[in-house]
Amino acid sequence: MLPNGPTAPPPRKRPWRRLAAAGVLAFALTGTLTGAIPAAITPAFAAEKGVFFPETFTLSNGMQVVLVTNQRVPVVTHMVWYKVGAADEPRGVSGIAHFLEHLMFKGTEEVPPGAFSRIVAKNGGRDNAFTSWDYTAYFQNVARDRLELVMKMEADRMSNLRLTDQLVYPERDVIIEERRQRIENEPADRIGEQINATLYVHHPYGTPIIGWPQEMATLTREEAESFYKSWYAPNNAVLVVSGDVTAEELKPLAEKYYGSIAARPVPERVRVQEPPISAARRVILRDDEVRQPSIRRSWLAPSYRTDKEGYAYPLQVLSEIMSGGPTSRLYRSLVVEQRIATSAWLGYSPSSWDMTSLAAGASPAPGVTMDKLEAALEADIRTLVEKGVTEEEVATAKKRMLAEAAYARDSLTGPAQTLGAAIATGQSIDDVENWPVRIDAVTADQVNAAARAVLGQTNHVTGLLLPLQDKGS
């Protein structure tokens, strides 16, 4: 399973809700990784620290365990996150991380091929997995008295996966068909993939998580086993449990099943960096299946981990101002006032190991040409860069964001997804818990500086998705 990512416009949800839906957004500190709040955004008095109030401990083999106790219902979410994803693949074998995710369900000596999910379902639970550029995660939602069962099975396949050609190669056909259905038969996903490949010209974020088709077709059992043996070790994994269980109950189970697995050396995450690009680029896709044209423009932006200037938190506030509902700037301008669009959005997610992107887009109202819509979108972006946002807009946006954060703990899966993604992309629990404080400290000047720095770049990529009969671009 692939999470929502930069290949498609983000759904218009609040940060915490988007997280629960996609499992890709973690709220953590930027830049130095020291855990200290930069002086520039230290509040005089603001929101209090704390979102999920987790407990954590580390097993003797180096595996971190994180617990968020929620006793509202007798259910738990059990997630194992590996700090490896598609961007860590060797060059020429794109898709191997996602392929291995599929193969992890092919069994061990204790659990026969395909039996893992059947056992979970038989015990009233559900399970799945997902791969991103920076991590791979496996999860189960089960009744609290079935937690030990899924911990035993998950720990078993961490070190005892058994693969044969008879299991591997039919599954390779499955992921090739998945690519056809998800990407090749969906124009919006196809152009998203091409925009991404154009924005990241050298970095592996430009390679699709599912892989390029010609490389997927040649993936081998030996390559999957090598990737598994290189990266799937307890010292490269994080166990996150959320739900009706206490630390006193969880710790002995974690030590019994995961603590008994020996640590192994894990490769360093070494990735090439983007070269300097100064030219704007365009990607145009025409397809007879397109019923709703759209435009999307993407800029490179700092992630939490790569943010040296302190832009990550202001950019989140900017996203809320520009795209936080029917009163947001873009929607009000393009949809309500000018009536030239049916939708308009701006999205930014700072959780990635390396850089990330900020994107804006819109779909035209009937009878509106793409040239007119693009000009209007550019005008709104230009106004933002030149005139900035107001203190009132910032205060209103922060109020909405903090109100959403106050209810984040109510979710069963949301805390596990947030904390797992944060740790897998280089952040700490303290970073996540300090998110309300750091958002509340953002000022209008900081939002404007971040907007100028990112949206003022000239090396953006513009993508146009058009029907065949549309001659305007």
### Query
How many residues are open to solvent by 10 Å² or more (accessible area, probe 1.4 Å) and closer than 24 Å to Tyr135 by Cβ when one looks only at region 437-461?
0
### Message
Tell me the residue from Ala453, Ala449, Ala416, Ala403 that is closer than 28 Å to Gln194 by Cα and part of a helix (DSSP H, G or I), please.
### Response
Ala453
### Task
Considering only residues that are of a type in the set (A, V, I, L, M, F, W, C) and open to solvent by less than 40 Å² (accessible area, probe 1.4 Å), look in region 121-142 and name the one that is farthest from Asn70 (Cα to Cα).
Trp133
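Okay, residues lined up against (1) under 30 Å from Leu167 (Cα atoms); (2) without any contact (Cβ under 8 Å) to a residue 24 or more places away in the chain; (3) open to solvent by less than 30 Å² (accessible area, probe 1.4 Å); (4) out of contact with any helix residue (DSSP H, G or I) (no Cβ under 6 Å at 6 or more places or on another chain):
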residue	(1), (2), (3), (4)
Leu253	no, no, no, no
Gly259	yes, no, yes, yes
Val272	no, no, no, yes
Arg282	no, no, no, yes
Glu289	no, no, no, no
Ile295	no, no, yes, no
Tyr311	no, no, no, no
Tyr331	no, yes, no, yes
### Query
Would it be correct to say that Pro213 is within 30 Å of Glu55 (Cα to Cα) and out of contact with any strand residue (DSSP E or B) (no Cβ under 6 Å at 6 or more places or on another chain)?
no
### Summary
In the set Arg146, Arg118, Arg157, Arg162, the lone residue that is over 23 Å from Tyr205 (Cα atoms), open to solvent by less than 30 Å² (accessible area, probe 1.4 Å) and among the basic types (Lys, Arg) is Arg157
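Just to be sure before I move on: is Phe52 touching a helix residue (DSSP H, G or I) at 6+ places or on another chain (Cβ under 8 Å) and in a loop (DSSP other than H, G, I, E, B) in the structure I sent?
On the way: touching a helix residue (DSSP H, G or I) at 6+ places or on another chain (Cβ under 8 Å): yes; in a loop (DSSP other than H, G, I, E, B): yes.
Here the answer is yes, as Phe52 does meet what is asked.
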#### Entry: Within region 402-423, tally of residues that are under 19 Å from Asp127 (Cα atoms), β-branched (Val, Ile, Thr) and within 13 Å of the chain's Cα centre (by Cα)
1
### Query
Can you find even one residue in region 360-376 that is open to solvent by 10 Å² or more (accessible area, probe 1.4 Å), of a type in the set (Ser, Thr, Tyr), over 15 Å from Ala312 (Cβ atoms) and touching an Asp or Glu at 6+ places or on another chain (Cβ under 9 Å)?
yes
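Tell me whether region 90-111 contains one or more residues that are aromatic (Phe, Trp, Tyr), buried (at least 16 other Cβ atoms within 10 Å of the Cβ) and more than 17 Å from Val150 (Cα to Cα).
Within region 90-111, one or more residues are aromatic (Phe, Trp, Tyr), buried (at least 16 other Cβ atoms within 10 Å of the Cβ) and more than 17 Å from Val150 (Cα to Cα).
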### Message
I'd like to know if region 187-209 contains one or more residues that are surrounded by fewer than 21 Cβ atoms within 10 Å (Cβ to Cβ) and among the charged types (D, E, K, R).
### Response
yes
### Query
Out of all the residues in region 309-355, which are within 21 Å of the chain's Cα centre (by Cα) and farther than 22 Å from Lys387 by Cβ?
Ala312, Ser349, Pro350, Ser351, Ser352, Trp353, Asp354, Met355
### Message
Please go through region 377-394 and give me each residue that is open to solvent by less than 60 Å² (accessible area, probe 1.4 Å), in contact (Cβ under 8 Å) with a residue 12 or more places away in the chain and in a helix (DSSP H, G or I), ordered by number.
### Response
Leu377, Asp380, Ile381, Leu384, Val385, Glu393, Val394
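Does Thr425 count as open to solvent by less than 20 Å² (accessible area, probe 1.4 Å), closer than 24 Å to Val68 by Cα, among the hydroxyl-bearing types (Ser, Thr, Tyr) and in contact with a Ser or Thr (Cβ under 6 Å, 6 or more places away or on another chain)?
Criteria met by Thr425.
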### Message
Lys152 - would you say it is basic (Lys, Arg), within 24 Å of the chain's Cα centre (by Cα) and either crowded, with 24+ Cβ neighbours inside 10 Å or at pLDDT 95 or above (or both)?
### Response
no
#### Entry: Thr418 vs. criteria open to solvent by less than 10 Å² (accessible area, probe 1.4 Å) and either over 23 Å from Glu309 (Cβ atoms) or in contact with a strand residue (DSSP E or B) (Cβ under 7 Å, 6 or more places away or on another chain) (or both)
yes
### Restricting region 58-72 to residues that are modelled with pLDDT of 95 or more and open to solvent by 30 Å² or more (accessible area, probe 1.4 Å), the residue that is nearest to Ser352 (Cα to Cα)
Gln64
### Message
Can you go through Ala397, Ala362 and tell me which one is assigned to a helix (DSSP H, G or I), within 27 Å of Ala344 (Cβ to Cβ) and of a type in the set (Gly, Ala, Ser)?
### Response
Ala397
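The values are calculated or read from the model by the stated rules, or taken from the named source; none is laboratory data. No experiment lies behind these values; they were computed from the predicted model shown. All Cβ positions, glycine included, derive from the backbone under ideal geometry; neighbour counts span all protein chains shown. Remember, those area values only see protein heavy atoms, side chains included, never the ligands or the DNA or RNA. Shrake-Rupley method; radii C 1.70, N 1.55, O 1.52, S 1.80 Å.
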